[in-house]
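The values are calculated or read from the model by the stated rules, or taken from the named source; none is laboratory data. None of these values were measured; they are calculated from a predicted model. Cβ coordinates were reconstructed from backbone atoms using ideal geometry, including for glycine residues, and neighbour counts include every protein chain displayed.
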Amino acid sequence: MKNWFKKAASVVLVTTILAGCSLGGKEEISNTPQALKVMYYDEGSFFQEYGMLFSTLYPNIDISVVSTQSIYRNNTGENGEEVDYEKAKQDLIDKEKPDIVMIEMNEYEKMAQEGKFIDLESYIAKDKFDTAGLVPGMVDYMKQLGGGQLYGLPSGFNSQVLFYNKTLFDKFNIPYPTDSMTWSEVIQLARQFPTDGTKEDRIYGLKAGYSGSLSELAQMMANSEGLSYVNPATKTMTINSAGWKNAVQTAYDAIKSETLYFDEQNNMGWSGDYNDYLLRNPFTSNRVAMTIDGSYYIRQMKEAAEYYSKEEGKIVKDWDIVTIPVSPQMPDQSTSTGYNNIFAITKESTNADAAWKFIAYISSEEHARVKSKLTYNNGFSIHTKYIKDEEGHNYEAFYKLKPAKPTIDYNEMNKLPKQFGMMYSYMEEEFKAVQDGNKSVEEALAALHTKGEELLAQESMTDEELNKLWEERNADQVKQMQEAAGETVIVE
């Protein structure tokens with residue numbers, strides 16, 4: 001397959017690259033055959049995303065791909081035990097000894113600090129690799145994760161932003177949102193829009209979440225504040241705090257204001273075509289003043305505008321973006337921003353110079369320029385020059401915030417008793433009691449703290465025991481709903 005993709009590179013992309021790619025004498029293409037082994041998801045996607053371009057420019061560097069797909073094919077091991085994916089990936093690295101590994105942010109931090117990679121800064125200095133045009137703060141953040149050294153470079157990033165409909169803000173004489181607003185400030189803006197009219201036709205201030213449940217919205221706000229409900233490393237509950245109280249109260253007040261639109265409200269049966277589907281988004285159809293979404297949504301708005309171009313006022317036209325709501329304690333960070341596909345050179349690499357040549361190319365402005373013409377970009381480019389909009393929208397909002405470190409270490413979470421995973425269900429239950437007016441926020445958080453400590457103190461259940469516990473809990477919930485509805489409860 002590798003050879004097929006390399007041939008495809010010559011046929012399909014050589015014209016694009018030769019027409020638009022000038023190395024300007026900065027690179028010397030060696031005639032000495034070299035070999036690189038790269039660990040990636042799978043061979044096909046690697047060559048489509050990176051290898052085809054690189055192999056066309058560097059035909060004497062032969063790349064082979066170590067696929068990680070086999071690690072994730074099964075949820076259990078040979079003896080029925082749960083798969084330790086971290087160990088499985090490390091075993092694959094030890095066996096195959098790749099020169100380059102593609103990893104995500106949580107893996108990068110751990111492996112970098114364990115000394116698994118080669119520091120890239122000497123290569124950057126030697127080649128005078130220009131980092132000035134990269135996403136602001138990215139290199140510093142990668143150094144922070146690496147304990148002070150730069151061990152890898154991302155090939156892209158993804159983020160969410162707050163879209164707003166300028167026409168609706170102007171119509172009701174409400175000031176536009178700005179970068180780095182908090183959730184409370186965004187909610188206050190949303191509450192300035194009128195709440196009269198039917199659910200199908202009225203204007204909403206903000207589209208947020210799916211179900212309209214307090215649990216969903218409170219957890220979303222708490223996550224943006226960098227709050228976790230548990231410290232898995234110390235096995236202690238952290239949910240009964242002032243930060244959580246503020247997040248739950250803010251979410252509660254927002255829901256009660258009736259200014260929020262939830263996706264569940266658009267649950268009517270749909271059998272139309274793709275254009276009808278695009279119109280179902282209430283921001284697209286001028287019914288919501290603000291919404292949180294990613295860059296792909298811009299394409300959807302443009303597609304809708306093209307299809308409904310003859311119907312004036314049907315599709316949002318005058319819009320812009322600002323950063324997603326932030327925490328006052330972390331005004332320059334966002335949990336919705338993440339650098340992806342980080343490439344690093346392993347300590348055991350026998351061809352580190354060629355490995356750096358690969359990383360330098362896919363991190364270069366030249367590569368970003370060529371990829372900007374193709375349709376399969378992996379998120380945004382790390383070069384801000386190619387994050388642009390001809391219509392003048394505030395695209396800086398996509399990269400203005402740096403990633404916030406994850407609030408929970410999921411490797412540590414996996415070490416907790418299996419039944420602790422039921423906390424999500426208990427949170428739904430307790431926060432619903434608040435939403436229904438049957439409990440105060442303080443009472444719900446105290447109850448969750450107690451229940452969490454109880455689960456943390458237990459030995460981990462077997463799968464059979466856990467399934468039985470879930471069945472009993474589901475039966476209790478059905479009984480409670482029947483009693484609340486005045487139905488006859490049948491006891492089996």
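Just to be sure I understand the filter: pairs with C-beta atoms under 7 Å, separated by 6 or more residues or on different chains, first member in region 177-191 and in the same structural domain as residue 320 (by TED's automatic domain parsing) and over 21 Å from residue 167 (Cβ atoms), second member surrounded by fewer than 17 Cβ atoms within 10 Å (Cβ to Cβ) and modelled with pLDDT under 95. Which pairs pass?
Listed by first residue and then by second, the contacts come to 180/331; 182/328.
Results for (1) modelled with pLDDT of 95 or more; (2) closer than 30 Å to residue 345 by Cβ, shown as yes or no for each residue.
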position: 121; (1), (2): yes, yes
position: 124; (1), (2): yes, yes
position: 135; (1), (2): no, yes
position: 144; (1), (2): no, yes
position: 170; (1), (2): yes, no
position: 175; (1), (2): yes, no
position: 202; (1), (2): no, no
position: 212; (1), (2): no, no
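Residue-by-condition table, conditions (1) part of a loop (DSSP other than H, G, I, E, B); (2) farther than 26 Å from residue 427 by Cα; (3) outside the structural domain of residue 449 (by TED's automatic domain parsing):
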residue	(1), (2), (3)
168	no, yes, yes
200	yes, yes, yes
215	no, no, yes
218	no, no, yes
221	no, no, yes
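Looking at residue 400, is it in contact with an Asp or Glu (Cβ under 8 Å, 6 or more places away or on another chain) and surrounded by 17 or more Cβ atoms within 10 Å (Cβ to Cβ)?
In short, yes.
Within the group 306, 348, which residue is more than 24 Å from the chain's Cα centre (by Cα) and in a loop (DSSP other than H, G, I, E, B)?
None of the others qualify; the one that does is 348.
Does residue 141 meet the test of being touching a residue at least 24 places away in the same chain (Cβ under 8 Å), in contact with a strand residue (DSSP E or B) (Cβ under 7 Å, 6 or more places away or on another chain) and in the same structural domain as residue 218 (by TED's automatic domain parsing)?
no
Within region 439-475, how many residues turn out to be in a loop (DSSP other than H, G, I, E, B), under 30 Å from residue 246 (Cβ atoms) and of a type in the set (A, V, I, L, M, F, W, C)?
1
Pairs please, first residue from region 60-72 and assigned to a loop (DSSP other than H, G, I, E, B), second anywhere and surrounded by fewer than 13 Cβ atoms within 10 Å (Cβ to Cβ) and of a type in the set (A, V, I, L, M), Cβ atoms under 8 Å, 6+ apart in sequence or on different chains.
That search, which allows pairs on different chains as well, returns 60/29.
Tell me, which residue of region 452-487 that is more than 22 Å from residue 235 (Cα to Cα) and aliphatic (A, V, I, L, M) is surrounded by the fewest Cβ atoms within 10 Å (Cβ to Cβ)?
It comes out as 485.
For the subset of region 245-264 comprising residues that are in a helix (DSSP H, G or I) and in contact with an Asp or Glu (Cβ under 9 Å, 6 or more places away or on another chain), which member is surrounded by the fewest Cβ atoms within 10 Å (Cβ to Cβ)?
Looking at residues that are in a helix (DSSP H, G or I) and in contact with an Asp or Glu (Cβ under 9 Å, 6 or more places away or on another chain), I get 245.
Residues being surrounded by 15 or more Cβ atoms within 10 Å (Cβ to Cβ) and either in a helix (DSSP H, G or I) or in contact with a Ser or Thr (Cβ under 8 Å, 6 or more places away or on another chain) (or both): count how many of those fall in region 97-109.
9
Are any residues in region 430-451 touching a residue at least 40 places away in the same chain (Cβ under 8 Å) and surrounded by fewer than 17 Cβ atoms within 10 Å (Cβ to Cβ), and if so, which ones?
432, 442, 446 - these are the residues of region 430-451 that are touching a residue at least 40 places away in the same chain (Cβ under 8 Å) and surrounded by fewer than 17 Cβ atoms within 10 Å (Cβ to Cβ).
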